1. Please determine, by comparing only the residues of region 15-26 that are in contact (Cβ under 8 Å) with a residue 60 or more places away in the chain and within 16 Å of residue 88 (Cβ to Cβ), which one is surrounded by the most Cβ atoms within 10 Å (Cβ to Cβ).
2. Which residues, taken from region 55-84, are in a loop (DSSP other than H, G, I, E, B) and surrounded by 17 or more Cβ atoms within 10 Å (Cβ to Cβ)?
3. Could you list, in sequence order, all residues of region 27-39 that are part of a helix (DSSP H, G or I) and either surrounded by fewer than 24 Cβ atoms within 10 Å (Cβ to Cβ) or touching a strand residue (DSSP E or B) at 6+ places or on another chain (Cβ under 8 Å) (or both)?
4. Could you check how many residues of region 66-83 are out of contact with any helix residue (DSSP H, G or I) (no Cβ under 8 Å at 6 or more places or on another chain) and closer than 14 Å to residue 43 by Cα?
5. Just checking, does region 85-102 include any residue being over 19 Å from residue 37 (Cβ atoms) and assigned to a helix (DSSP H, G or I)?
6. Return yes or no: is residue 1 within 16 Å of residue 116 (Cα to Cα) and at pLDDT below 95?
């Protein structure tokens with residue numbers, strides 16, 4: 001991993017820790033939002049490995065699917081998790097009636113952790129080639 005990718009992965013882990021803090025404080029909406037953001041940072045690190053960078057969430061989602069899922073470089077479920085987490089984040093952030101349960105938030109945090117680990121593994125394997 002180069003320095004930029006390392007910083008992105010570090011930000012992903014830091015953001016995931018914040019999701020855990022929000023979960024401990026019974027803030028399911030905030031925990032879900034932070035879990036998605038952790039995945040977003042990791043996805044950006046992966047895209048940076050092929051010299052792609054985007055600030056728009058929709059562009060990151062599309063490029064992640066096109067460049068890594070459709071080519072079989074990463075498992076398809078990671079893309080589904082990213083898209084689903086984004087939908088949950090949008091609801092949790094902008095729908096004032098939304099309430100992400102602690103169980104939903106915890107599941108999303110678990111997915112985010114696996115997502116980041118998968119990206120780290122992929123980047124480490126690429127480095128070794």
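The values are calculated or read from the model by the stated rules, or taken from the named source; none is laboratory data. Treat the numbers as computed from the prediction; the structure is a model and nothing was measured. No Cβ is skipped: glycine too gets one built from the backbone with ideal geometry, and neighbour counts run over all protein chains shown.
1. Ranking the candidates gives 19 first.
2. 74
3. Those that are part of a helix (DSSP H, G or I) and either surrounded by fewer than 24 Cβ atoms within 10 Å (Cβ to Cβ) or touching a strand residue (DSSP E or B) at 6+ places or on another chain (Cβ under 8 Å) (or both): 28, 29, 30, 37.
4. Qualifying residue count for the region: 3.
5. no
6. When the stated conditions are applied, residue 1 passes them.
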